[in-house]
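Take a look at the structure set out below.
Here, each number is a calculation from the coordinates, and none is a lab measurement. Note that the structure is predicted; figures quoted are calculated from it, not measured. Cβ placement follows ideal geometry from the backbone for every residue including glycine, while neighbour counts extend to all protein chains displayed.
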Amino acid sequence: MRVGPEDGLAAATPTEHIERIETFDTYERGFITHVQGLQAPVAEVKQAQPKPLKFKVNPYEGKEGENLHFWVREVELAMDAALISTERLRVAFTLSNLGGRAKTW
């Protein structure tokens, strides 16, 4: 899929949004794998515990125009960066980032 300047997100269909998200996700995962491959020799020498990073995720409120798919990806990236690995903690983190009417769902 090729996107030109005349193809804004507002003009895209929901299917095109999902396609763009999946394309970006594939690119991102490939890039992460590439970077991890470059870091592997350094990691073997140090063998230090990774330090968790903290990212702020804007709460999803369920308002019109909010993109749930992008928000879910943001939450996943934040959890991975924070080294949150158990399902229970991941659910708690996700719920803590809901706001507005989405929090009452």
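Within the range 80-95, does at least one residue satisfy the condition of being touching a residue at least 24 places away in the same chain (Cβ under 8 Å) and part of a helix (DSSP H, G or I)? Checking the range 80-95: at least one residue is touching a residue at least 24 places away in the same chain (Cβ under 8 Å) and part of a helix (DSSP H, G or I).
Here the range 47-79 is the region considered, the condition is being aromatic (Phe, Trp, Tyr) and outside any helix (DSSP H, G or I), and the residue that is nearest to the chain's Cα centre (by Cα) is Phe55. The number of residues in the range 58-98 that are surrounded by 13 or more Cβ atoms within 10 Å (Cβ to Cβ), of a type in the set (Gly, Ala, Ser) and under 28 Å from Glu19 (Cβ atoms) comes to 3.
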